[in-house]
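Beneath this line is the structure, given in structure tokens, with notes to follow.
The values are calculated or read from the model by the stated rules, or taken from the named source; none is laboratory data. It should be emphasised that the depicted structure is a prediction, and the values quoted were computed from it without experimental measurement. Cβ: placed from backbone, ideal geometry, glycine included. Neighbour counts: every protein chain shown. Surface areas here come from the heavy atoms of the whole protein model, side chains and all, with no ligands, DNA or RNA. Shrake-Rupley method; radii C 1.70, N 1.55, O 1.52, S 1.80 Å.
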Amino acid sequence: MLLFAPEKLHEKLPLTGGQRVRIDEHRETIQNLISGKDRRLALVFGPCSIHDLSSALEYARRFRRLAEEVAPYCFCVMRVYIEKPRTSTGWKGLVYDPHLDGSSDLQTGLFWARELFLTLTDLGIPIATEILHPLLAPYFSDLISWGFIGARTSASQPHRELASSLPFGVGLKNSPDGNIQQAIQAMVSVRQPHRFPSIGAHGKLILQESTGNPWTHVVLRGSSTGTNYDLPTLLETSEQLKFCGFKNRIMVDCSHGNCSKEYTQQKTVFETVLDHYVQGNPSILGMM
């Protein structure tokens, strides 16, 4: 089965001039947050994986009300994860199985995902998503305000190359075993120019050239053996970032190893990191 080319999806669901302006504004704000120019707390939150469009929009409306309320102190970005698997061998995400029946209707999944992104943009909501498959990025990367590369893919050369070409901020997570240096080395790679094979707008293989992405940062998500949002780890990570010539801006993922995979513990992580921020720790970019 042949998939339609990215440009065909863009023709069916085009980005308007007004939407483009709004996305550019969101991206600029996020770049200022990453650089430290904007000292508000960045909060990236939402469903771990989108599976139902109506539920996602209901969540988005509630999200917008909260985001407006806390805007003087926080900048809120909605997690809209459309490729995220929920099990090792089962459902792989909205894009891959939109009907939740194993039919793998990828074309419908791509259409629904882009349609959702456009609707959220109309609502004034900045979109964050994790980029799992580099070949799918051209279908919706023009609508993303903040990208993330996961713990299992921050060491992947194709993901690093792709991130180097993206026109928005990208967070890179430490590895599942807790290796923070992996994320920092990913930053080193992502900030450099690359030449790599990619899929062009016409759906054909091209040689893409990137100029490097300066808007990168580390995401600490804990590990299989413990947490890494404690103050000594934050300080050590800051020193490693400074040694490599980077801004010491760190996001903490309150889930995964940092909450020992117990969602009720996310609040404890959030409050602890918030306390670090309130006490004036300059390395705290925000929380997920």
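Which semi-axes, in whole Å and largest first, does the equivalent ellipsoid of segment 110-186 have when worked out from the alpha carbon gyration tensor as the square roots of 5 times its eigenvalues? Each step should come with its number before you reach the end.
Numbers: eigenvalues 123, 31, 21 Å².
Over the Cα atoms of segment 110-186, the ellipsoid semi-axes are 25, 12, 10 Å.
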Where in segment 262-288 is the amide nitrogen less than 18 Å from a point lying 7 Å along the Cα-to-Cβ axis of Tyr73? 267-282, 284-288
What accessible surface, in Å², does a 1.4 Å probe find on Trp215, ignoring ligands, DNA and RNA and rounding to the nearest 10? 80 Å²
Simple SL model, points at 7 angstrom along Cα→Cβ for Cys244 and Asp122; separation in nm is 4.1 nm
Extension length gain for His99 and Thr87 (0.36 nm per residue less Cα distance), in nm, is 2.7 nm
Counting only DSSP loop positions in segment 1-83, the chymotrypsin sites (Phe, Trp or Tyr not before Pro) whose Cβ has at most 15 other Cβ atoms within 10 Å are Phe4, Tyr73
Rg and Dmax of segment 3-76, Cα atoms, in Å? 15.4, 44
Separation between Cα centres of segment 108-171 and segment 216-288, rounded to whole Å: 22 Å
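Send over the Kirkwood Rh of segment 9-167, from the inverse of the averaged 1/r over different Cα pairs, rounded to one decimal Å. Present the calculation step by step, with values, prior to reporting the outcome.
Details: mean 1/r = 0.0616 Å⁻¹.
When all Cα pairs of segment 9-167 are included, the Kirkwood radius is 16.2 Å.
Could you sort Cys244, Cys74 by their accessible area in this structure, using a 1.4 Å probe and putting the largest first? Please report the intermediate quantities before stating the final value.
On the way: Cys244 50, Cys74 25 Å².
Largest accessible area first, the residues go Cys244, Cys74.
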What translational diffusion coefficient, to the nearest whole µm²/s, does segment 223-283 have by Stokes-Einstein, given a Kirkwood radius computed over alpha-carbon pairs, a temperature of 25 °C and 0.890 mPa s viscosity? 203 µm²/s
Residues of segment 105-139 with amide nitrogen under 13 Å from the 7 Å Cα-to-Cβ point of His10? 137-139
Arg62 accessible area, assembled protein chains, probe 1.4 Å, Å²: 140 Å²
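Please find the FRET efficiency linking Glu25 to Thr225, where r is the Cβ-Cβ separation and R0 is fixed at 35 Å, and quote it to the nearest 0.05. Working shown, then result.
Numbers: r = 41 Å, r/R0 = 1.17.
For R0 = 35 Å, the calculated efficiency reads 0.30.
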Taking Cα atoms only, helix 231-243 is inclined relative to the longest principal axis of the chain by an angle, in degrees rounded to 10, of 70 degrees
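Run the numbers on the chain and let me know its relative contact order in percent, using alpha-carbon pairs under 8 Å that are six or more apart.
Details: 537 pairs, mean separation 46.6, N = 288.
Computed value for the chain: 16 percent relative contact order.
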Translational diffusion of the chain, µm² s⁻¹ [Kirkwood Rh, Cα pairs; Stokes-Einstein; 25 °C; 0.890 mPa s]: 127 µm²/s
When the C-alpha atoms of segment 193-243 are aligned to their principal axes, what extent does each axis show, in angstrom, from largest down? 48, 26, 13
